[in-house]
Amino acid sequence: MSLLDSIDSPADLKKLSQPQLKQLAAEVREELVTVVMANGGHLASNLGVVELTIALHRVFDSPRDKIIWDVGHQSYVHKLLTGRRERFALLRQYGGLSGFTSRQESEHDPFGAGHASTSVSAALGMAIARDLSDDNYRVVAVIGDGAITGGMALEALNHAGHLSARLIVVLNDNGMSISPTVGALAKLLSKVRFHPRYHQAKEGSRRVLSALPMGNWFWKLSQRMVSGLKGLVMPSTIWEELGFTYIGPVDGHNIADLETALAQARDYHFKPTFVHVITTKGKGYLPAESDAVYFHGVSAKGGSSSGTPTYSEVFAQTVLRLARENPKLVAITPAMPEGNCLSIVGAEFPDRLFDVGICEQHAVTFAAGLATQGFVPIVAIYSTFLQRAFDQIIHDVCLQDLPVVFAIDRSGIVGDDGKTHQGTFDLSYLTLVPNLIVAAPKDENELQHLLYTAVQAGHPMAVRYPRNSGLGVPLDQELHRIPIGKGEVLRYGNDVAILAIGATVAPALEAARELASHGLEATVVNARFAKPLDTELILDLTNRIKHMVTIEENTLAGGFGSNVAELLQKAGRSDVQVRSIGLPDEFIEQGTQALLRAKYGLNAAGIAQQVRALFPDLSLKVR
């Protein structure tokens, strides 16, 4: 039996010798590569925290001590060591383990997270709760150097220092978020990571003192001198001025050194402690070490090999084309130039692509500032992350009616990343904002035309599009503007009107063909715009069709269908039966896109079945 198979809880780690710990680390990496390459997921980030995770669970006593993993995508090793080894092969699978931390999954996950920069705030809350309850457990936030650049993390560090809370923050510093970390703070950290002055001074001091009588005692006393040497390289006072005691930098792949540093932090009771750990993203797996960006998140075997361009690729190619035509066009991404495929724009126009780090709020208001000066900013962001900038969308962009384009990637069901990443709310939270135009293309060709329209709109406009490959339709060579708020009829029938938007248009057309085989003829509309609605088209349809269905890959609460129903109510069309097909009022679990669309009736078969069930009078008519 392998060592890993003998680990049922963190307590088992404390029985192992240092040589056994090295063997365990190797077995963990082997398991990570095997499962993640098969299932997809975050590989490089987890390979980099193997030793750190082992050391944390040897020094602290989980679940009594609270270990909070920022983002949660670096928690796979933690899952393996906290009683989830037997289910690990089901990582990110329907009904299996989440790809992130989850309070519902294990008592060892004190806080669930799939978004960055939340750990210090959550940990501070737990630490204060502990003190108010006169308890004595430890609280540890493990945050990456990309996540620590997020405004929320900096706010929490500031507050923790102000409160002098007994809290430990472990910085996993590997120079990466998904892409290389950007920003002034990242540059500051890299001075320690790469500059030899501090390391040479530290090792030289250790060698000199160890040769003296009582050398170990002198070495402990010399930490004040070492802190001064650190200051020559990096002002560790940035953390100390925030009210933290700084420990580090520590070799993140040396378990003994990690345990020593973490034990010091554990036993220090006077103010918050900041442990700076240097790791290599992708450690122990050469392909991931060589290309940590590619191996940050890998696709499952057999996941996507159609050869058809993805929506993200078509988006980026269109942005590049528009940037060549308009020198005032700029693109902004919060730490995801590869995910949004915008690297091609940065390669040609490095001064017009801005990676702002994991700072979604800043990205939106930064875009607003650019727009006030006559530029056309495109904010490329995943649907799940745009939620974090809701106030900025309202207050900084839409209230001022500034022409910012929101390119919303990964809208609707995204699949295996699960509850924290499903883009199932944007139609609801965007259509309620005044001045904001909200659109979704039926295919990748329409995507490029909607982007062209958005750039020309002169008002804030959001274009949402799904994950993965397009439909394989030909792309027009010439771009044209689509009239704002105008849909199109793709199929005519007199029994039922199906109003679909975005990714649901194609299955709606297929469902209409299936309905026709049962004697029901459907008109299918590509709505295109969730706001403004094509009022003229919709009301005209109700003059001849009294059964209407809306379809959206979004929560039904406040979504596209809700807005259509409100329109008909205001128009006094009580004679029209309106039903909506979409996602329920719940968080959507993990699973493949195909599986989840089938489960919620958003594939062609499901749509056809629901239409017949929603209008039994129509079914009786054709029997």
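Pull out all pairs, ordered by first then second residue, where Cβ-Cβ is under 6 Å, the residues are six or more apart or on different chains, the first lies in region 578-593 and is closer than 19 Å to residue 101 by Cα, and the second is among the hydroxyl-bearing types (Ser, Thr, Tyr) and part of a loop (DSSP other than H, G, I, E, B).
588/424; 591/94
What residue, among those in region 278-302 that are modelled with pLDDT of 75 or more and among the hydroxyl-bearing types (Ser, Thr, Tyr), is surrounded by the fewest Cβ atoms within 10 Å (Cβ to Cβ)?
So in region 278-302, the residues modelled with pLDDT of 75 or more come out as 278-288.
If we keep only those that are among the hydroxyl-bearing types (Ser, Thr, Tyr) as well, we get 279-280, 285.
Working: 279: 28, 280: 17, 285: 19.
Here the answer is 280.
Go through region 564-602 residue by residue and tally those that are more than 20 Å from residue 93 (Cα to Cα) and part of a loop (DSSP other than H, G, I, E, B).
Count: 8.
Before we move on, is residue 124 out of contact with any strand residue (DSSP E or B) (no Cβ under 6 Å at 6 or more places or on another chain) and closer than 27 Å to residue 288 by Cα?
Details: out of contact with any strand residue (DSSP E or B) (no Cβ under 6 Å at 6 or more places or on another chain): yes; closer than 27 Å to residue 288 by Cα: no.
It is false that residue 124 is out of contact with any strand residue (DSSP E or B) (no Cβ under 6 Å at 6 or more places or on another chain) and closer than 27 Å to residue 288 by Cα.
Looking at (1) in contact with a strand residue (DSSP E or B) (Cβ under 9 Å, 6 or more places away or on another chain); (2) buried (at least 19 other Cβ atoms within 10 Å of the Cβ), which is the one condition that is false for residue 585?
Every listed condition holds for residue 585 apart from (2).
How many of the residues making up region 469-497 are in contact with a Phe, Trp or Tyr (Cβ under 9 Å, 6 or more places away or on another chain) and surrounded by 12 or more Cβ atoms within 10 Å (Cβ to Cβ)?
First, pick out the residues of region 469-497 that are in contact with a Phe, Trp or Tyr (Cβ under 9 Å, 6 or more places away or on another chain): 469-470, 479-482, 484-487, 495-496.
After this cut, where a residue has to be surrounded by 12 or more Cβ atoms within 10 Å (Cβ to Cβ) as well, the list is 469-470, 479, 481-482, 484-487, 495-496.
Final tally of qualifying residues: 11.
Would a scan of region 326-341 turn up a residue that is in a helix (DSSP H, G or I), touching a strand residue (DSSP E or B) at 6+ places or on another chain (Cβ under 8 Å), in the same structural domain as residue 428 (by TED's automatic domain parsing) and in contact (Cβ under 8 Å) with a residue 12 or more places away in the chain? It would help to see each step written out before you state the result.
Our first condition is that a residue be in a helix (DSSP H, G or I); within region 326-341, this holds for none.
No, there is no match, as no residue in region 326-341 is in a helix (DSSP H, G or I), touching a strand residue (DSSP E or B) at 6+ places or on another chain (Cβ under 8 Å), in the same structural domain as residue 428 (by TED's automatic domain parsing) and in contact (Cβ under 8 Å) with a residue 12 or more places away in the chain.
Of all residues in region 103-119, which are of a type in the set (Asp, Glu) and touching a Pro at 6+ places or on another chain (Cβ under 7 Å)? First the steps, then the outcome.
At the first step, the residues of region 103-119 found to be of a type in the set (Asp, Glu) are 105, 107, 109.
Selection gives 107 alone.
Going by what's in this entry, would residue 354 be described as closer than 20 Å to residue 480 by Cβ and either within 19 Å of the chain's Cα centre (by Cα) or not in a helix (DSSP H, G or I) (or both)?
Numbers: closer than 20 Å to residue 480 by Cβ: no; either within 19 Å of the chain's Cα centre (by Cα) or not in a helix (DSSP H, G or I) (or both): yes.
Here the answer is no, as residue 354 does not meet what is asked.
Among 156, 129, which is aliphatic (A, V, I, L, M), touching an Asp or Glu at 6+ places or on another chain (Cβ under 9 Å) and either assigned by TED's automatic domain parsing to the domain that holds residue 63 or assigned to a loop (DSSP other than H, G, I, E, B) (or both)?
Numbers: 156 fails: touching an Asp or Glu at 6+ places or on another chain (Cβ under 9 Å).
Unique residue meeting the criteria: 129.
Taking helices (runs of 4 or more DSSP H) that do not extend beyond region 13-85, which have at least 3 residues that are at pLDDT 90 or above and either outside the structural domain of residue 108 (by TED's automatic domain parsing) or within 11 Å of residue 255 (Cβ to Cβ) (or both)? Break it down into steps so the answer makes sense when it comes.
On the way: elements: 18-39, 44-47, 50-59, 76-80.
Qualifying helices (runs of 4 or more DSSP H): 18-39, 50-59.
Pull out all pairs, ordered by first then second residue, where Cβ-Cβ is under 9 Å, the residues are six or more apart or on different chains, the first lies in region 471-498 and is on the phi > 0 side of the Ramachandran plot, and the second is surrounded by fewer than 17 Cβ atoms within 10 Å (Cβ to Cβ) and part of a loop (DSSP other than H, G, I, E, B).
Note: pairs meeting the criteria are 472/306; 472/307; 472/308; 485/532.
Can residue 407 be described as over 17 Å from residue 151 (Cα atoms) and surrounded by 24 or more Cβ atoms within 10 Å (Cβ to Cβ)? Spell out the reasoning first.
Working: over 17 Å from residue 151 (Cα atoms): yes; surrounded by 24 or more Cβ atoms within 10 Å (Cβ to Cβ): yes.
Yes; evaluated as a whole, the condition is true for this residue.
Does at least one position in region 398-414 carry a residue that is assigned to a helix (DSSP H, G or I) and either outside the structural domain of residue 504 (by TED's automatic domain parsing) or in contact (Cβ under 8 Å) with a residue 24 or more places away in the chain (or both)? Lay out the reasoning, then the answer.
First, the residues of region 398-414 that are assigned to a helix (DSSP H, G or I): 398.
Then keep just the ones that are either outside the structural domain of residue 504 (by TED's automatic domain parsing) or in contact (Cβ under 8 Å) with a residue 24 or more places away in the chain (or both); that gives 398.
For region 398-414, residues assigned to a helix (DSSP H, G or I) and either outside the structural domain of residue 504 (by TED's automatic domain parsing) or in contact (Cβ under 8 Å) with a residue 24 or more places away in the chain (or both): present.
For residues in region 557-577 being among the hydrophobic types (A, V, I, L, M, F, W, C) and farther than 30 Å from residue 101 by Cβ, which is surrounded by the most Cβ atoms within 10 Å (Cβ to Cβ)? Before you say what the answer is, go through the steps one by one.
Residues of region 557-577 among the hydrophobic types (A, V, I, L, M, F, W, C): 557, 560, 564-565, 567-568, 571, 576.
Checking the rest, the ones that are also farther than 30 Å from residue 101 by Cβ come to 560, 564-565, 567-568, 571, 576.
Values: 560: 30, 564: 23, 565: 17, 567: 17, 568: 18, 571: 13, 576: 19.
This residue is 560.
Yes/no per residue for (1) at pLDDT 90 or above; (2) in contact with a Lys or Arg (Cβ under 8 Å, 6 or more places away or on another chain); (3) surrounded by fewer than 17 Cβ atoms within 10 Å (Cβ to Cβ); (4) not in a loop (DSSP other than H, G, I, E, B):
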residue: 218; (1), (2), (3), (4): no, no, yes, yes
residue: 226; (1), (2), (3), (4): no, yes, yes, yes
residue: 230; (1), (2), (3), (4): no, no, no, yes
residue: 238; (1), (2), (3), (4): no, no, yes, yes
residue: 248; (1), (2), (3), (4): no, no, no, yes
residue: 259; (1), (2), (3), (4): yes, yes, no, yes
residue: 276; (1), (2), (3), (4): yes, no, no, yes
residue: 304; (1), (2), (3), (4): no, no, yes, no
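The values are calculated or read from the model by the stated rules, or taken from the named source; none is laboratory data. Everything numeric in this text was worked out from a predicted model, so none of it was measured. Don't worry about glycine lacking a Cβ; one is built from the backbone with ideal geometry, like all the others, and counts go over all protein chains shown.
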